[in-house]
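The block underneath contains the structure these notes are about, expressed in structure tokens.
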Amino acid sequence: MNTVGDYISTRLVTFGVEYAFGVVGDTSTSLLDSLGKFSPSIKLVTCCNDASAGYAADGYARKSGHIGTVIVPYLTGSLSIANAVAGAHAGNIPLLVICGGPNSTAAGHNKLMHHTINKNGFGAVTSSQCMAGITAKTFVVHHTGDVAQNVDKAMYTCLKLRKPVYLEIACDLVDKFIAEPVAANQVTYSHMHCDELALEVALCDCMRAVERSNMPVVVVGSEVKSLGLTTRRLIAHFVDRLQAAVVIQPDAKGCFNEESRLFAGSLWGGLSSTHVPAVINEADLVICIGVVLSDASTAGFSSPVLTDRDQLHLHVNSLSVVKSYASAGTKVYTYVSMDRMLMGLAERSPHKEASGLLLRKLKREVETAPTSHSSSLSSGAEPAVDPASMFAGFPGSSGTDRRTDTQSGSTIQQSNTALSQACGSVCAAMPPLLQAGLPSLHLLDVQAGIQRLLDRTDVSSVVAAEGEGWFIGQKLALPRGCDYFMQLQYAACDWAMGASIGISLAASCRQKLVVLIIGDGSFQSALQEISTMVRLNLKVVIFLLNNQQEAIEGSQRSYTKVTNWMYADLINAMQSGGCGPDTDAAHIGVVKGDLQGVLKDPMTCLAKPKSVGLRVNSPTELQAAIKGLNSLHSVYLIECALAHGEVSADCSTYVEQIGKSNRTDYGA
């Protein structure tokens, strides 16, 4: 016989979960103890706070495709984790919140318990009530006989709906024994039910639209991100058959091979990649796979309008066929599996390569355009001159600013004066002294450095935090096999730090780097979890964009200014101090925030597993810091000291468009 806690742990292992996250609390300690007995099949990772534990579970689910599991104490934990749960709901992430509830006999005897709200008696406001609005379903277990069925249903629902689920187990039940349920009564995960008749009719309708079209275009959306590698492979197979151009939404980046000749770039309103508007405008059929059309994903609904052309909308469990002519209207098919639809389309679709040919033509026009020389931003070749000169020509250096749009390969030349004019909001936000002489490290330099890192190093994933991290991330050209994560729809500023923990722990990237791009505002909201990364020896490279500004909230507002910290020194503060029996010697002897020690003797400084914090002030120092990654064994924080208040043109555009959307009367 198993205890309740043993049964929960066993089922998590059965469902493929390798890591569970949590925070210590007296109503959840028995659950945490039960997980410990099943190591190494499933490992427990404790975080500094409940919200970060939820974000870590979210990141693990995004990367691994399995259920993200987080264990919290009653009410104090479940309310603290609400932000993470709501974000998972918005992003279609299978997140299982297991909460240690109050004693199962307390309510019946009118006992007021801690971690509860004393309002009109016990249970007037419960944790499950608070969770009901942000989860797909809540389960509360007060009897051992209900454990097996509710635990299985909770996990099945989580995977089936790709949404968070709340499971509350009374704390006094966890160590009680239950009979092993017979196999016939156990709920096991299977693929979502698919209506075969509806599938066939939907396929026929789709094929008529594809065959009638002259220039179809495929748009891959954020829903695909939560469906795993199988769906991505099916999309690639379908596109290979159709030969149409492929466009992605910003938070679907990484779902399609960016090295493919059919990849056009990202569709994000006025921030779209160079060739995307032309490709979309010429299309007579838009095949949307998992596309979510919100103000965030369209930059304030500024993306090209699709209403004047045929559309196919494939979602997790439905298909919509939208005709451009009014008499046809819209047909909706439910219980139609996205994967099955993609398989059918790949088998039956004819070649419709007009948009692919158009894209190749546009790319050739850019490639053959006369330029003085090609940029090194997206090139994998070693520079022919001193490595420090790879950044020559960027703002703050002499001569012409030569940049490459890494999505399209196009080379843009403009003087520093022209750059200042194009990014007027940047200079407007700077103090007068800085306008006269800009510092030598800029956002474009950081983008170039990260691109070179991706081209040279085995990076598993790029995580972009809300703010400038988003806009740098969109410009990066991802190599094959590199994934990308951002929380666009819910946009919690503290998501990325915690999510990077779960992403790094996911099975596919334990021996690879995870790159986190985060601004100083977002960093300050979640910096505690640096200590978790250090404790676990996670290979996370953090590019901290220090412009002393939360630019995503509007650079002209005085209350968006961020206090300047000595960020690089925080790594030293969060190392193990050598006290206690469990001290890890690998954490002692941190490299301090002085870059000179690394430059003088990098092998000695970085030879042992340790975490590193560095502050860089110039492109040359940034390149030297990136070279130090060759010996990385744990967290590597590079504080990029930017101009005070420097804001990218893309960020300014996005803030302006979202601001307009917030003020629009959509009922007028």
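Per-residue SASA remark: VAL45, around 10 Å² accessible (1.4 Å probe; ligands, DNA and RNA not included). Place a point 7 Å from the Cα of CYS48 along the Cα-to-Cβ direction; which residues of the range 2-31 have their backbone N under 16 Å from it? What the label zone holds, given the 16 Å backbone N cut-off, is 22-24.
Figure the gain on full extension for VAL13 and GLU282 (residue separation times 0.36 nm, minus the Cα-Cα span) and round it to one decimal in nm. Don't skip to the answer; put the middle values down first.
Values: separation 269, 0.36 × 269 = 96.84 nm, distance 4.92 nm.
Length gained between VAL13 and GLU282: 91.9 nm.
Extending 7 Å from the Cα toward the beta-carbon at both ASN572 and HIS114 defines two label points whose distance is 3.8 nm.
At R0 = 22 Å, how high is the FRET efficiency between GLN511 and ASP240 if r is their beta carbon distance? Nearest 0.05 is fine.
E(calc), rounded to 0.05, equals 0.15.
A DSSP coil position with no more than 10 other Cβ atoms inside 10 Å describes the following trypsin sites (Lys or Arg not before Pro) in the range 434-507: ARG480. Could you calculate the FRET efficiency of GLU200 with ALA649 from 1/(1 + (r/R0)^6), where r is the beta carbon distance between them and R0 is 45 Å, rounded to 0.05? Efficiency, from the Cβ-Cβ distance: 0.40.
For HIS193 and LEU229, what does the FRET efficiency come to when R0 = 22 Å and r is the distance between their Cβ atoms, rounded to the nearest 0.05? Show your work: numbers first, answer last.
Working: r = 22 Å, r/R0 = 1.00.
The computed FRET efficiency comes out at 0.50.
In this simple spin-label approximation, ASP26 and MET1 carry label points 7 Å from Cα along the Cα→Cβ vector, and these lie 2.8 nm apart. Taking amide H as placed 1.01 Å from N in the peptide plane, the amide H of ASN2 sits under 5 Å from that of ILE178, GLU180, each at least 5 places away or on another chain. Scalar couplings 3J(HN,Hα) for the range 522-529, obtained by applying the Karplus form with A = 6.51, B = -1.76, C = 1.60 to θ = phi - 60°, are 5, 4, 5, 7, 9, 5, 3, 6 Hz; x denotes Gly and Pro.
Within the range 145-169, list the residues whose amide N lies under 20 Å from a label point set 7 Å along Cα→Cβ of LYS37. Those under the cut-off are 145-152, 168-169. Scalar couplings 3J(HN,Hα) for the range 341-356, obtained by applying the Karplus form with A = 6.51, B = -1.76, C = 1.60 to θ = phi - 60°, are 5, 5, 4, x, 5, 5, 6, 9, 5, x, 6, 9, 9, 4, 5, x Hz; x denotes Gly and Pro.
For the range 141-288, the direction-averaged projected area of the alpha-carbon convex hull comes to 13.1 nm². Working note: Cα atoms of the range 220-280, range along each principal axis, descending, whole Å: 31, 24, 17.
Restricting the range 1-43 to trypsin sites (Lys or Arg not before Pro) that sit in a DSSP loop and have at most 14 other Cβ atoms within 10 Å of their own Cβ leaves LYS37. Projecting label points 7 angstrom from Cα along Cα→Cβ for GLU180 and LYS561 puts them 6.6 nm apart.
Listed values for the range 443-449 are Karplus-derived 3J(HN,Hα) couplings in whole Hz (6.51 cos²θ - 1.76 cosθ + 1.60, θ = phi - 60°), namely 4, 5, 5, 5, 4, 5, x, and x replaces Gly and Pro.
Ordered by packing density, taken as the mean number of other Cβ atoms within 10 Å over each peptide's residues, highest first, how do 156-166, 330-340 rank?
My ranking of the peptides, most packed first, is 156-166, 330-340.
The values are calculated or read from the model by the stated rules, or taken from the named source; none is laboratory data. Here the structure is a predicted model, which is why all the values come from computation and not from measurement. All Cβ positions, even for glycine, are placed from backbone atoms using ideal geometry, and neighbour counts span all protein chains on display. Note: accessible area is taken over every heavy atom of the protein model, side chains too, but ligands, DNA and RNA are not part of it. Shrake-Rupley method; radii C 1.70, N 1.55, O 1.52, S 1.80 Å.
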